[in-house]
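Following: one structure in structure tokens, then a few remarks.
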Amino acid sequence: MNGVEFVLGDENICEKPLIPFHPEICGLLSDFSASLRKDPQAKRYPDLMTLAFWARKANIERLKEQFGTSYNRIGRGVCFHITPSNVPVNFAFSLFFGSLAGNVNIVRLPSKSFVQTELICRHLAKALQSWPEAARRITFVRYPSSNCEATKAFCEIADARIIWGGDKTIETFRSFRTNPRCIDINFSDRYSIAIIDARKVLQADEAEMEKLARDFFNDTYLMDQNACSSPQFILWSHDNATARHRFWNAVDCEAQKRYPLQAAVSVDKYVQLCEDAILREDAQKLIWQSGFVCRVDLRSLPQEITELRGKGGYFYECALQELSELAKVLTKKVQTIGVYGVEPQQILQVIIENGCKGVDRIVPIGKALDIDVIWDGYDLIGSLSRIIT
């Protein structure tokens, strides 16, 4: 454990699991939620408020009822969480999933420093004072990714591992030895898109347009498009130039009000725009819109859309003639489709009829970042617990 900082808990790892939705865990989450929601500093961060709202008592009771009591279940044991470095609150959701499933949890915190991370740790430590059984089963550690000895030690005692990261991260952790019964839940590189019906944009009143722009901003700019569920590619059903203009103007206004555009990000976007102008033969129009919104309009839907990525308000778009066109691009890399004015059932039908390997979520624009116990096609509480018959 040389070089390992124990932010919460210590080296004395309890290895005894609990039943899913144990009263200690449910009580802890309720207290944590209430404490975080009262913090004036936390209220400045929408992702913290989303986390606190998710952990509230009413939602946990809803999840417990949905999970049901069809089988006798218990947590798998020790769950080791490897969380992404660029998403401040992801580690907390990962912890909650592992805890609600009944596991003892060792969570490697993000290497980057975030105010949100510190606030979560502070309020969780406060709430844990009232829940001793839960406190014995939560350990937060921080250490460099180069510390292979620490990773090896945690992997050897793990009965489950949740690995959030790129494909390379997953390959690295697969090289560490685990016990034969250990299960891995891997969240690899994914890609997301949005589909907008232009007719609905034209029909929307000003209040609806403001809401759509706000929802789209939340899905994209809040995470600088780094989240796997943030749409990178916008497809237009029943395409219309006036509708596009109206939508992007609304997004631009929202971004100018809320997005702290940094000079480095602006330069990166401009360089990418120049590269696309030179290299992308299918680009029919490139639009630099006030620096907050950059768009590359493509003539047709490319075969490999997952190569098209932007950040800080850089988007690719094209017209979609028929929803059936989606079949050729919904590879296993595609995770979320955000929709506005399009029936999810129609997209689901395309996926099923064509046996597409991609798409785990079809959600309204504004809900792309709403994480839950069903994620990337996994039933996390079910997967992280075992059945006793």
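The values are calculated or read from the model by the stated rules, or taken from the named source; none is laboratory data. Note that the structure is predicted; figures quoted are calculated from it, not measured. In this analysis, Cβ positions are derived from the backbone assuming ideal geometry, glycine residues included, and neighbour counts consider all displayed protein chains. Protein only, heavy atoms only, side chains kept; ligands, DNA and RNA dropped before computing areas. Shrake-Rupley method; radii C 1.70, N 1.55, O 1.52, S 1.80 Å.
Overview of results
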quantity	calculated
Pairwise centroid distance, computed over Cα atoms, of region 221-251 with region 280-312, Å	11
From phi via Karplus (6.51, -1.76, 1.60), per-residue ³J(HN,Hα) for region 56-69 in Hz, x at Gly/Pro	5, 4, 4, 6, 5, 5, 5, 5, 5, 5, 5, 5, x, 10
Principal axis dimensions, region 75-169 - Cα atoms, whole angstrom, descending	39, 31, 20
J(HN,Hα) series, region 332-339, from Karplus relation 6.51 cos²θ - 1.76 cosθ + 1.60, nearest Hz, glycine and proline x	5, 6, 7, 9, 10, 10, x, 10
Inter-label distance for ASP370 and MET49, nm, one decimal - labels placed 7 Å from Cα along Cα-to-Cβ	1.6
Per-residue ³J(HN,Hα) for region 157-172, Karplus 6.51 cos²θ - 1.76 cosθ + 1.60, θ = phi - 60°, Hz, x for Gly and Pro	9, 7, 9, 8, 10, 10, 10, 9, x, x, 4, 5, 4, 5, 4, 4
Residue (of ALA92, PHE292, ASN218) at the positive-pole extreme of the chain, dipole from beta-carbon charges	ALA92
Fraction of beta bridges assigned by DSSP in the chain that are antiparallel (%, nearest 5)	25
Equivalent-ellipsoid semi-axes of the chain, from the Cα gyration tensor, Å, largest first	38, 22, 21
10 Å Cβ shell holding at most 11 others, DSSP loop, trypsin sites (Lys or Arg not before Pro): longest site-free stretch of the chain	182-356
Anchor LYS168: lysines whose Cα lies under 23 Å away (excluding residues fewer than 8 positions away in-chain)	LYS112, LYS152, LYS311, LYS332, LYS333, LYS357
For ILE183, solvent-accessible area (1.4 Å; no DNA, RNA or ligand), Å²	40
Positive minus negative residues near ALA204 (Lys, Arg vs Asp, Glu; Cβ under 11 Å)	-1
Rg/Rg_ref, region 172-304, where Rg_ref = 2.2 N^0.38 Å and atoms are Cα	1.30
Heavy-atom surface of the chain, accessible at 1.4 Å and reported per residue (Å²)	46
Formal net charge of residues neighbouring VAL350 (Cβ-Cβ distance under 14 Å; K, R +1; D, E -1)	-2
Dimensions (Å) - region 1-129, Cα atoms, principal axes, largest first	41, 37, 27
Per-residue [θ]222 nm for the chain (sum of -39500 (n - 2.57) over DSSP H runs n ≥ 4, rounded to 500)	-12000 deg cm²/dmol
Summed side-chain charge close to LEU119 - residues other than LEU119 whose Cβ falls under 13 Å, Lys, Arg +1, Asp, Glu -1	+3
Accessible surface of the chain, 1.4 Å probe, proportion on carbon and sulfur as whole %	49
Candidate lysines for bridging to LYS126, where Cα separation is under 20 Å - those fewer than 8 sequence places away on the same chain excluded	LYS38, LYS43, LYS57
From the C-alpha gyration tensor of region 203-273, square roots of 5λ in Å	22, 14, 13
For ALA204, residues with placed amide H under 5 Å, excluding near neighbours	none
